[in-house]
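Enquirer: First the structure, which I've put down as structure tokens, then a few questions once you've had a look.
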Amino acid sequence: MESDWIDISVAVRAGLVHWPGDPPVRIDRVSDMDKGKEANLSQINMSVHSGTHMDAPLHFLKDGKSIDEVPISTLIGPARVIEITEPDVIHAEILASAGLAPGERILFKTRNSSINWPDQGFLPDFVHLSAEAAGYLAEAGVLMVGVDYLSVSGYGKNEAQVHQNLLGAGIWVIEGLHLGAVTPGSYEMICLPMKLAGCEGAPARAVLRRMDK
């Protein structure tokens with residue numbers, strides 16, 4: 001049933017919070033039936049890293065794969081939501097007890113999901129991965145990592161290194177998830193980014209359905 005699926009995507013709208021320095025989201029109605037036009041038509045302008053989106057290796061690796069090269073098999077399949085109670089940083093020591101397995105899709109639910117961040121301004125103190133934690137995930141051989149804010153790395157804190165540790169290991173990254181309605185456990189996941197040719201990322205729609213009821 002459709003109600004079994006949980007939408008963990010952020011709605012894209014004008015003024016949506018964005019990473020400092022990135023273009024803000026703008027959506028303009030360029031043809032409007034209320035103004036006598038035959039049809040409604042909108043134009044959108046934003047960074048491909050706005051809201052819920054995926055990072056491809058090309059984002060931080062010069063010769064990395066682009067988002068249109070992500071395998072469909074990576075985007076659909078089982079995923080595990082792990083709740084992190086640490087208030088600031090996800091460290092490697094925290095992950096050591098998670099029993100990570102090669103090929104897993106891991107989504108981290110942190111305090112970020114409890115603050116309804118899409119409706120606020122940019123929050124520089126969001127929970128993020130340390131470079132060591134990113135390296136640990138790479139060594140564990142996970143397939144995908146998802147986080148509940150705009151970046152896996154902290155603001156001004158080893159941004160390149162965290163991304164390089166993940167993307168360089170072939171881990172595909174989902175950022176900007178909203179996991180407020182999700183409890184820890186095992187799920188089916190579908191996360192489909194726009195197929196933007198040669199691009200380093202793309203907006204995505206992501207949904208989960210509980211497996212371990």
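Enquirer: Please work out whether segment 112-213 counts as rounded, prolate or oblate from its C-alpha gyration tensor, where a ≥ b ≥ c are the square roots of the eigenvalues and a/c under 1.5 means rounded, while otherwise a/b larger than b/c means prolate and anything else oblate? Before the final figure, lay out the partial values.
Expert: On the way: a/c = 1.29, a/b = 1.12, b/c = 1.15.
Verdict is rounded for segment 112-213.
Enquirer: Only helical DSSP H runs with n ≥ 4 go in: add -39500 (n - 2.57) per run for the chain, normalise by residue count and round the 222 nm mean residue ellipticity to 500 deg cm²/dmol.
Expert: On the way: 4 runs with 27 residues, N = 213.
Here the helix-only value at 222 nm equals -3000 deg cm²/dmol.
Enquirer: Hey, got the dipole for segment 120-213? About the Cα centre, +1 on K and R Cβ, -1 on D and E Cβ, debye to the nearest 20?
Expert: Numbers: 6 positive and 9 negative charges, 80 e Å.
The dipole magnitude comes to about 380 debye.
Enquirer: Straight-line reach only, C-alpha to C-alpha below 17 angstrom: list the aspartates and glutamates that Lys37 could link to, leaving out same-chain residues fewer than 8 apart.
Expert: Cα-Cα hits under 17 Å: Asp28.
Enquirer: Show me, bin by bin at 5 Å from 0, the whole-percent P(r) of segment 34-80 based on Cα pairs.
Expert: Calculated over all Cα pairs of segment 34-80, the distribution is 5, 14, 15, 18, 15, 10, 8, 6, 7, 3 percent.
Enquirer: Given just the C-alpha atoms of segment 57-164, how large is their convex hull per residue in cubic angstrom? Display every interim value, and only then the final one.
Expert: Working: hull volume 12.8 nm³, N = 108.
Enclosed volume per residue, from the Cα hull, is 119 Å³.
Enquirer: Within a 10 angstrom radius of the beta carbon, how do Glu188, Glu139 rank from fewest other beta carbons to most? Write out the running numbers ahead of the final one.
Expert: Numbers: Glu188 15, Glu139 12.
So the ranking, lowest neighbour count to highest, is Glu139, Glu188.
Enquirer: Fewest first, what order do Phe126, Phe108 take by the number of other Cβ atoms within 10 Å?
Expert: Numbers: Phe126 19, Phe108 27.
In increasing order of surrounding Cβ atoms, one gets Phe126, Phe108.
Enquirer: Another one. Rounded, prolate or oblate: which one fits segment 57-106, using the alpha carbon gyration tensor with axes a ≥ b ≥ c (rounded when a/c is under 1.5, else prolate when a/b beats b/c, else oblate)? Write out the running numbers ahead of the final one.
Expert: Numbers: a/c = 2.66, a/b = 1.58, b/c = 1.68.
It is oblate, given that a/c is not under 1.5 and a/b is not larger than b/c.
Enquirer: So, one more: Could you give the size of the charge dipole of the chain about its Cα centre, using +1 on the Cβ of each K and R and -1 on the Cβ of each D and E, expressed in debye and rounded to the nearest 20?
Expert: 360
Enquirer: Gap in Å between the Cα centre of segment 64-134 and the Cα centre of segment 1-60?
Expert: Answer, in whole Å: 22.
Enquirer: Go ahead and collect, in residue order, the members of segment 1-31 whose backbone nitrogen is under 16 Å from a label point 7 Å along the Cα-Cβ direction of Asn40.
Expert: 12-14, 27-31
Enquirer: What is the chain by shape, rounded, prolate or oblate, if you read a ≥ b ≥ c off the alpha carbon gyration tensor as root eigenvalues and call it rounded for a/c under 1.5, prolate for a/b larger than b/c, and oblate otherwise? Before the final figure, lay out the partial values.
Expert: Numbers: a/c = 1.61, a/b = 1.48, b/c = 1.09.
Because a/c hits 1.5 or more and a/b exceeds b/c, the chain counts as prolate.
Bear in mind that the values in this text are calculations on the coordinates, not laboratory data. All figures in this text were calculated on a predicted structure; none of them were measured in a lab. Backbone-built Cβ (ideal geometry, glycine too); neighbour counts: all protein chains shown.
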